[in-house]
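Here is the structure we will look at.
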Amino acid sequence: MTTSSSERGVSLGMPELPAPAYPDDVRARLEADAREVIARYPDSRSALLPLLHLVQSEEGHVTRTGMRFCADMLDLTTAEVTAVATFYTMYRRRPSGDYQVGVCTNTLCAVMGGDAIFETLQEHLGVGNGETTGDGKVTLEHIECNAACDFAPVVMVNWEFFDNQTPGSAKRLVDDLRAGRPVQPTRGARLCTFKETARILAGFPDERPGAVEESGSAGPASLVGLHLAKGEAAPARVVHPRDGGPHDEPQDRVHEPSPAEHLSSHDAPQDTSASDPAHPAGPTAEEGE
C-alpha cells in the first residue's frame, strides 16, 4: 500500500518564482553605493559581505530581492549569495525590530546570570528567541558568545556592549528602547537603529555628529593583562581569603603587593605545603621505593 504526497505532508507545488527587483529609484541608489564598495576590493566577489549589509540596511533584513541584487552586482549566482547569507547569523532572514537585543548564554555569562536575564526578558517582552515585540522595536535572541567574558553577563544591542547586566538592568534597557529614550552603551557610541548599524557595517561612515568620537576601545578589565605584561599596572588591593584574615585596613589605603603575592588570594597559585600543610608536596616516589 502506498501513500500520496499529500498524505505524507509533502508539498509538490510550483517552484518559487524569481525574486522581484527593487524599484528603479531604490536600485539606482543602491547601485551607486554598491559600486563604491566593490571598488575597494581587487576581486569583486570579496565585496559580498559588505553588500549583504548594504541590502540589509535597506529593509532591515536580507530579502530574496537583496540577494538577487548582490548576485547581479557581483556576477554570482543567487545560490552562491544565499549560501553566504544563510551561513552568518549577522544577516537577518526575516523582518525584525529596530533593536536587536542579544543576551549571551554561553558558559561564563550563563553562570554569571545570562540565563536568568534571557528568561526574564522573554517573560517581560512576551516574546521567544528570535521573536519581535508587537511594536516592532525589539527583537530578542540568545547569543552564544559576545566575546566580552571579562564583563559577564553581557547584553548586546545592535552590536554595542552593555556590560555587567542584571535582570533588572536588562528590563530597564529594553523599556528605554521601546519608549524611545536615549540609551548609551557601556562602551561605544550611542545607539542607532539596526538599519543604520547595517549601513555602517557595509563600510559607510557614521555621519551622526560626535558619534565617532564616542566610540570606545577595550574596557579596563580587558586591558589588565596587557598592563601587567608591560609592568604598567597600578598597585592592586589584595582580597583576603574567605576563611579569615585582617579586615580592618582603612578603606583609602591601597595595599602594596609583594612580588610573592597574587592579585587575588582566592585563586592564588600556592605550593601544596602552603595551602594544605597536612599534605605537603614532595617528589613522587618511583614504584617499589
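Throughout, read-outs are computed from the coordinates displayed, never taken from laboratory work. Just so we're clear, the structure is a prediction, and the values are computed from it rather than from any experiment. Please note: Cβ atoms are built from the backbone with ideal geometry, for glycine as well, and neighbour counts cover all protein chains shown.
Beta-bridge orientation, segment 83-153: approximately 25 percent antiparallel, per DSSP, counting only bridges with both partners inside. Tell me, rounded to the nearest percent, the portion of alpha carbon pairs in segment 29-107 spaced more than 17 Å apart. Of the Cα pairs, 45 percent sit more than 17 Å apart. Each of Thr77, Val26, Pro50 was scored by the projection of its Cα onto the charge dipole of segment 1-143, and the greatest displacement toward the positive side belongs to Thr77; charges sit on the C-beta of Lys, Arg, Asp and Glu.
Around the amide H of Val138, modelled in the peptide plane, lie the amide H atoms of Asp98, Tyr99, Thr133, all under 5 Å away and 5 or more residues distant in sequence or on another chain. For segment 46-143, a simple Cβ point-charge model (Lys and Arg +1, Asp and Glu -1, everything else neutral) yields a dipole of about 180 debye relative to the Cα centre.
On the basis of the beta-carbon distance and an R0 of 25 Å, Arg172 and Val111 show a calculated FRET efficiency of 0.65. In Å, what Kirkwood hydrodynamic radius results for segment 1-153 from the alpha-carbon pair distances? Roughly 18.3 Å, rounded to one decimal. With the largest listed first and rounded to whole Å, the semi-axes of the equivalent ellipsoid of segment 159-207 from the Cα gyration tensor are 23, 12, 8. For Cys104, the residues whose modelled amide H falls within less than 5 Å of its own, excluding neighbours fewer than 5 places apart on the same chain, are Ile143, Val154, Met156. Here Ala19 and Glu144 are evaluated by their C-beta separation; at R0 = 25 Å the FRET efficiency comes out at 0.25. Taking 0.36 nm per residue of sequence separation and removing the Cα-Cα distance, the Ala221/Glu59 pair yields an extension gain of 54.6 nm.
In summary, the lysines within cross-link reach of Lys137, defined as a Cα separation below 23 angstrom excluding same-chain residues under 8 places away, comprise Lys171, Lys195.
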